[in-house]
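Below is one structure; the comments refer to it alone.
Every number here is computed from the coordinates shown, using simple stated rules; none is lab data. Keep in mind it's a predicted model, so treat the numbers as computed, not measured. With ideal geometry, Cβ positions are generated from the backbone for all residues, glycine too; neighbour counts draw on all protein chains shown.
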Amino acid sequence: MGCDIHMFPEKREDWGWRFVYRHIPDTRRPDSWPRPDRRNYFTMDDRWYWFFGQLAGVRHDGPPIAEPRGCPDDADDDVREFIQDSDYHTPSWLTLAELKAHDWLGAMRKDSSVILDKGAADHITEWLNRLAEIDPDPNRVRIVFAFDS
């Protein structure tokens, strides 16, 4: 049985953390405003266990960026409800500042199980850039995540 990650980006507002929904254009009515999609927004396309290990030590040995912290008490209500009312395990969160400070390429080079290619590094860079679009301050953006098995 495989393991998947479920990630929920949040933005820090003056009143607290808000889940950043993905907006999908309504193809039936192209002139309309996009509708929110509560499914995973910033997820990785594959079961990349090395990546899971970097985030939380799940399915891959090696030190994670931070030991799993659980679901944050101040998480958006929808995010907290989704993570706590599910069969997910190892919930945690990381700010964009923590994610950007991590030496992703160095961690890849140290791990002989990682096939180091431009695609892997580009995938991480693209993911971080998408998160950075939420707010220019990396301390005001975080991902809350958990895993299923």
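Charged side chains reduced to their Cβ positions (Lys and Arg at +1, Asp and Glu at -1) give the range 61-135 a dipole of some 560 debye around its Cα centre. Each label point was placed 7 Å from the Cα along the Cα-to-Cβ direction; for Asp135 and Asp122 their separation is 3.1 nm. The charge dipole of the range 42-100, taken about the Cα centre with unit charges on the Cβ atoms of Lys, Arg (+1) and Asp, Glu (-1), comes to about 380 debye, rounded to the nearest 20. Counted by neighbouring Cβ atoms within 10 Å, the residues Thr125, Thr95 run from fewest to most as Thr125, Thr95.
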